[in-house]
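Some notes on the structure that comes next.
The values are calculated or read from the model by the stated rules, or taken from the named source; none is laboratory data. Just so it is clear, the model here is predicted, and its values are computed rather than measured. With ideal geometry, Cβ positions are generated from the backbone for all residues, glycine too; neighbour counts draw on all protein chains shown.
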Amino acid sequence: MDLEKETTGIIAELGFEAEIERLRGAIDAWIGTASTELQEALRWQFSGSSKYYRPLTVFSCYRALHGPAIPETVIQAAVAVELFHNMSLVIDDILDRSRERRGKSTLHCRFGKLPALMASGYVVADGYRMVIDDKFSIELLSELMKRLGAAECMQWRLRRKPLGVEDWRTIAGEDTGSMFEVCACLGARSEDLRAYGHLLGLLYHGCDDVADVRGLQALGGGGMEDIRDGILTLPAAIAIRDARVAEMFVSGRSGDETELLHAFEAQLPEAERYLDGILDQAMKEAELFSEEASGLVALAAKVRGLSST
């Protein structure tokens, strides 16, 4: 399915068409006022398809606790999160040496590494400026920046280690988990939904891991950055219980990538079952809020569907 059509359908099903349009309009207006030195690069970065799961988490959590009308303060917080998310994508693409993201050149390949790095800093600075009068959001976004930085270092420090699923859960919980935790708190305007956001982030990270392996299978093994770099994905954490697979994973020998991919593919059913368990936990957290939980349950179900796309 075309990503843009799929995203449009999900936004409509969750009932946030107007809010996402406000968010898109705010991002377009911000780019229009950006420095002419970086404007073209920023327009390139934000013109691609986005699944918008982070702002959708902000909006869903606000609605679950406070009612249907999303105030401008929450819209601005969601815009800032989307900016911070794009900063992390730019850095990830440089670290992974990725040449494409969602069918178009990555920012550093299109404009060069220096403009990409400077654009990422520019984005964060203006993200903070957007919520300058909202101390609650500033505190959460600062938490996010610190945790993302530490998580990236931890993930790279633990490359090619024969670790397990609980270790994967720790890494994923500080990486994607921290992002969705913060989104849940920004939306709830409190800590009430932090545990739900954490589980949603784990689910998103794990579904992305599984979808990557499925995509590699469909593409014949192209674009195998995580396997090349020895990143502990969920399928990898399960597969390296086998001593022979663990030895290949740890060694990083050139030529083992295809065999490792096959080993990871073989563990996809177990990875899917593990993700179903995380989904159940997330839904139980959502259901603590009784009738208001329907939007949170629907959002978790949509995230769970990512592993098949």
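So is Arg110 in contact with a helix residue (DSSP H, G or I) (Cβ under 7 Å, 6 or more places away or on another chain) and either in a helix (DSSP H, G or I) or closer than 26 Å to Arg24 by Cβ (or both) or not? When the stated conditions are applied, Arg110 passes them. Quick check: is even one residue across region 30-45 without any contact (Cβ under 8 Å) to a residue 60 or more places away in the chain, crowded, with 17+ Cβ neighbours inside 10 Å and small (Gly, Ala, Ser)? Looking through region 30-45, none of the residues is without any contact (Cβ under 8 Å) to a residue 60 or more places away in the chain, crowded, with 17+ Cβ neighbours inside 10 Å and small (Gly, Ala, Ser).
Among the residues of region 116-133 satisfying the criterion of being in contact (Cβ under 8 Å) with a residue 24 or more places away in the chain and hydrophobic (A, V, I, L, M, F, W, C), which is surrounded by the most Cβ atoms within 10 Å (Cβ to Cβ)? The selected residue is Ala119.
Against the definition (over 17 Å from the mean Cα position of the chain (by Cα) and assigned to a helix (DSSP H, G or I)), how does Leu163 come out, yes or no? No, not satisfied. Checked against (1) of a type in the set (A, V, I, L, M, F, W, C); (2) closer than 22 Å to Gly252 by Cβ; (3) more than 18 Å from the chain's Cα centre (by Cα), Ala125 passes all but condition (2). Filtering region 134-152 to residues that are surrounded by fewer than 17 Cβ atoms within 10 Å (Cβ to Cβ) and either at positive phi or among the aliphatic types (A, V, I, L, M) (or both) leaves Ile138, Ala150. Residues in region 223-251 that are farther than 18 Å from Thr176 by Cα, touching a Phe, Trp or Tyr at 6+ places or on another chain (Cβ under 7 Å) and in a helix (DSSP H, G or I): how many? Total meeting the criteria: 1.
Considering region 10-89, the qualifying helices (runs of 4 or more DSSP H), each wholly inside and each with 1 or more residues that are of a type outside the set (A, V, I, L, M), closer than 30 Å to Glu285 by Cα and within 15 Å of the chain's Cα centre (by Cα), run over 53-66. Within region 49-63, being of a type outside the set (Lys, Arg) and either crowded, with 17+ Cβ neighbours inside 10 Å or out of contact with any Gly (no Cβ under 9 Å at 6 or more places or on another chain) (or both) holds for Ser50, Tyr52, Tyr53, Pro55, Leu56, Thr57, Val58, Phe59, Ser60, Cys61, Tyr62.
Of all the numbered requirements in (1) modelled with pLDDT under 95; (2) touching a Gly at 6+ places or on another chain (Cβ under 9 Å), Glu225 misses one, and that requirement is (2).
Report yes if some residue within region 64-85 is modelled with pLDDT of 95 or more, surrounded by fewer than 19 Cβ atoms within 10 Å (Cβ to Cβ) and more than 21 Å from Leu299 (Cβ to Cβ); otherwise report no. So far as region 64-85 goes, yes, one or more of its residues are modelled with pLDDT of 95 or more, surrounded by fewer than 19 Cβ atoms within 10 Å (Cβ to Cβ) and more than 21 Å from Leu299 (Cβ to Cβ). Residues to consider are Gly215, Gly197; find the one that is part of a helix (DSSP H, G or I), over 29 Å from Phe59 (Cα atoms) and of a type outside the set (A, V, I, L, M, F, W, C). That would be Gly215, the only listed residue that is part of a helix (DSSP H, G or I), over 29 Å from Phe59 (Cα atoms) and of a type outside the set (A, V, I, L, M, F, W, C).
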